[in-house]
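Written below as structure tokens is the structure these notes are about.
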Amino acid sequence: MKRACAVLFTSALMVFLGCNQSEPGGPGAKRADNKNPVTGSPKNETFRISAPATETSLKQGEEKEVDVTIDRSKDFKQDVTLTFKTDKGVTVTPSSATVKASDKDTKVKVKIAADKDAPVGEATVHVTAKPETGESTSAEFKVNVKGA
């Protein structure tokens, strides 16, 4: 019984925390059939953005590093450019980055910083990923700014 409860709790926690993933992007992302009408590429030629699943907390004037990852299907072989936009008082460095098709590591490390006078409370970081061809996708994650 204890084991069943532990498995149930772990499963519920994984669903709750989950993985903050975007909708698919890429040439086959929005096709109902299995082919892209322009390239004839498979529908599974897609990618997703994985952003932090839990809120990142920062004090005013503090910065932290977080990972944003491009999760590619096996058939997706394009460069993807990420751009970051934030609420006032929070910055992301770099503000854009490109994950090359040849990159084995598709993780982008970015620094999230809260200005010394950033508004206290929740801020949103919007991430947009644009492939060379096909559909863009986006995700967002939260930053909790606390007083210094």
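May I ask you to sort S102, S136 by Cβ crowding, counting other Cβ atoms within 10 Å and putting the fewest first?
S102, S136
Normalising by the residue count of region 48-148, find the relative contact order in percent from Cα pairs under 8 Å and 6+ residues apart.
Here the relative contact order equals 38 percent.
Is there a pair in K59/K104; K59/K100; K59/K107 whose C-alpha atoms are over 31 Å apart, and which pairs would that be?
On the way: K59/K104 34 Å; K59/K100 33 Å; K59/K107 25 Å.
K59/K104; K59/K100, as the Cα separations exceed 31 Å there.
Using only alpha carbon pairs under 8 Å that are at least six residues apart, calculate the relative contact order of region 46-86 and give it in whole percent.
Computed value for region 46-86: 51 percent relative contact order.
Using Cβ contacts closer than 10 Å as the measure, can you line up T98, T46 from fewest to most?
Taking fewest neighbouring Cβ atoms as first place, the list is T98, T46.
Just so you know, all these numbers are worked out from the coordinates, no wet-lab data involved. Bear in mind the structure is a predicted one, so any value in this text is a computation, not a measurement. Methodologically, a virtual Cβ is constructed for each residue, glycine included, from the backbone with ideal geometry; neighbour enumeration extends over all protein chains shown.
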